[in-house]
Amino acid sequence: QVQLVESGGGLVQAGGSLRLSCAASGRTFSRYDMGWFRQAPGKEREFVATISWSGGSTDYADSVNGRFTISRDNAKNTVYLQMNSLKPEDTAVYYCAASSVTYGSRLTDYAYWGQGTQVTVSS
């Protein structure tokens, strides 16, 4: 019902910043709760950040809290992840996801996923 395309990944130095974007199309974007997840090689996909459909509520994984900021612009059908003070352990493929159920950290609540974008942080 919705298509998601991530962009903005790349190679950055530790301590640097990067902003990921997720462009949505296909159905009314504003009614979807959105999330960012990441998966490192050999690891399970893990929760990073989430935002409610109105943008009024957000939540973050402890590992990124205070460094990452999730936001959305419903007029542009886009959700963002601003990543500051990046660490090598942030290296992963980052995925954008959409939920029609709720915002939150559970992967099973998200029905739609983007293709992922690689973020590599060098030390």
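The values are calculated or read from the model by the stated rules, or taken from the named source; none is laboratory data. What you see is a predicted model; the values in this text were computed from it and never measured. Note that we place each Cβ from the backbone using ideal geometry, even for glycine, and neighbour counts take in every protein chain shown.
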message = For segment 53-69, check the following and say yes or no: at least one residue is assigned to a loop (DSSP other than H, G, I, E, B), free of Cβ contacts under 8 Å to residues at least 40 places away in the same chain and among the charged types (D, E, K, R).
response = yes
request  = Quick one: which residue in GLU44, GLU6 is assigned to a loop (DSSP other than H, G, I, E, B) and among the acidic types (Asp, Glu)?
outcome  = GLU44
remark   = Among residues of segment 43-54 being of a type outside the set (Val, Ile, Thr) and surrounded by 16 or more Cβ atoms within 10 Å (Cβ to Cβ), the residue nearest to the chain's Cα centre (by Cα) is ALA49
remark   = Filtering segment 106-122 for residues that are of a type outside the set (A, V, I, L, M, F, W, C) and either buried (at least 16 other Cβ atoms within 10 Å of the Cβ) or part of a helix (DSSP H, G or I) (or both) leaves a count of 7
Total residues in segment 5-32, condition modelled with pLDDT of 95 or more and closer than 17 Å to SER100 by Cβ = 1
remark   = Filtering segment 13-40 down to residues that are buried (at least 17 other Cβ atoms within 10 Å of the Cβ) and either hydroxyl-bearing (Ser, Thr, Tyr) or over 17 Å from SER63 (Cα atoms) (or both) yields LEU20, SER21, CYS22, ALA24, PHE29, TYR32, ASP33, MET34
remark   = Within segment 15-28, residues outside any strand (DSSP E or B) and out of contact with any Leu (no Cβ under 6 Å at 6 or more places or on another chain) come out as GLY15, SER17, GLY26, ARG27, THR28
ask   = For segment 60-97, how many residues are farther than 14 Å from LEU20 by Cα, at pLDDT 95 or above, surrounded by 16 or more Cβ atoms within 10 Å (Cβ to Cβ) and of a type outside the set (Ser, Thr, Tyr)?
value = 2
